[in-house]
1. From the list 210, 217, 196, which residue is open to solvent by less than 50 Å² (accessible area, probe 1.4 Å), among the aliphatic types (A, V, I, L, M) and either within 30 Å of residue 69 (Cβ to Cβ) or at pLDDT 65 or above (or both)?
2. Would you please list the contacts, defined by Cβ atoms under 7 Å and residues six or more apart or on different chains, that run from a residue in segment 4-28 that is closer than 24 Å to residue 177 by Cα to a residue that is part of a loop (DSSP other than H, G, I, E, B) and open to solvent by less than 80 Å² (accessible area, probe 1.4 Å)?
3. For segment 38-50, what are the residues that are over 16 Å from the mean Cα position of the chain (by Cα) and not polar (S, T, N, Q)?
4. Among the residues of segment 74-89, is there at least one that is open to solvent by less than 10 Å² (accessible area, probe 1.4 Å), outside any helix (DSSP H, G or I) and within 26 Å of residue 181 (Cβ to Cβ)?
5. Considering each of 76, 69 in turn, give the residue that is within 28 Å of residue 202 (Cα to Cα) and in contact (Cβ under 8 Å) with a residue 24 or more places away in the chain.
6. Of the numbered conditions (1) modelled with pLDDT under 90; (2) among the β-branched types (Val, Ile, Thr); (3) within 21 Å of residue 99 (Cα to Cα), residue 9 satisfies every one except a single condition; which is it?
7. For segment 160-178, what are the residues that are open to solvent by 40 Å² or more (accessible area, probe 1.4 Å) and part of a helix (DSSP H, G or I)?
8. Just name the residue that is most open to solvent (accessible area, probe 1.4 Å) out of those in segment 1-57 that are within 21 Å of residue 88 (Cβ to Cβ) and assigned to a loop (DSSP other than H, G, I, E, B).
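The values are calculated or read from the model by the stated rules, or taken from the named source; none is laboratory data. None of these values were measured; they are calculated from a predicted model. Here the Cβ positions follow ideal geometry from the backbone for every residue, glycine too, while neighbour counts run over all protein chains shown. Calculation scope for accessible area: heavy atoms of the full protein, side chains included, ligands and nucleic acids excluded. Shrake-Rupley method; radii C 1.70, N 1.55, O 1.52, S 1.80 Å.
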Amino acid sequence: AAPGSRSYTGGGDEAVKLFNSLQQLESERDPVPLMQGVLQTCLDLPPLVDEIYCQLVKQTTEPPAPGGQGDLHYWQLLTCMSCTFLPSLPILRFLRFHLDRRVLAELPGASGGQGACRVGGAPSGQCCCDPPGASCRGGGRFPASEMAKYASFIREALGKTKGRECVPSLEEILGGVRRQEMICTVHCPGAPGGGVAISSHTTAEESPSVAFVSPQVAQELVSRLGLSQSPNLFALYEQSRRREQPVGSATLLADVLTRFE
């Protein structure tokens, strides 16, 4: 259903429906539309956000088939949730503990903590890597499994998420499950459009003379127009058949893109 067009029953009934949707994720070949449905319900019924976070933590703790399709889909939905909603503070603390435990479980000798360093130069039983455990398995500072990579990504996303006006688009969800940015095309008058990489957290930030995606992108786009020395203020505009309006400096560009879906 389109955003805002759904009708809902009581919160308890909706929680049961969401739980059934999570169970369906395990066998869904294309989970993206189902994920968008879960995110839409959470956007329309904010009290259910904590419930879904708790359910996803439960489903990603000691799953029956670690690394299987069901486990992967739960981590992917948890990734999309983290880019869209912040849970309450108690649930946020619990979630961060869950994520840290998942990443630490991949360190050598891990049973909830770091193991001995396998790189020469460290005293026995200690780790000389920075951060601890970074190079112990020869894989750099990044964790080895997909699930641990999702956990690291989610941990970082939670520090940037502020809330959304619109449910993430299918393109944004697809980028989220791949842990990749989206490409947004910005059309400039008198110049060819250019692709700009954005994430779920990118806003139309404002500088003293330019309001664009970021200072770096602003400089590039203004340079294309030959207006680097102009004292004027430049802004992103949202333009469609139904509306044409400037994009506010604090507006999430992902919300703008959803309205074009």
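1. Working: 210 fails: either within 30 Å of residue 69 (Cβ to Cβ) or at pLDDT 65 or above (or both); 217 fails: either within 30 Å of residue 69 (Cβ to Cβ) or at pLDDT 65 or above (or both).
Answer to the check: 196.
2. Between residues of segment 4-28 that are closer than 24 Å to residue 177 by Cα and residues that are part of a loop (DSSP other than H, G, I, E, B) and open to solvent by less than 80 Å² (accessible area, probe 1.4 Å), the close pairs are 25/31.
3. Taking segment 38-50 as the starting set, the residues that turn out to be over 16 Å from the mean Cα position of the chain (by Cα) are 41, 44-48, 50.
Matches in segment 38-50: 44, 45, 46, 47, 48, 50.
4. The answer is yes; a qualifying residue exists.
5. Numbers: 69 fails: within 28 Å of residue 202 (Cα to Cα).
The unique qualifying residue is 76.
6. (3)
7. Going residue by residue through segment 160-178, those that are open to solvent by 40 Å² or more (accessible area, probe 1.4 Å) are 160, 162, 165, 170-171, 174, 178.
Matches in segment 160-178: 170, 171, 174.
8. Per the criteria, the residue is 47.
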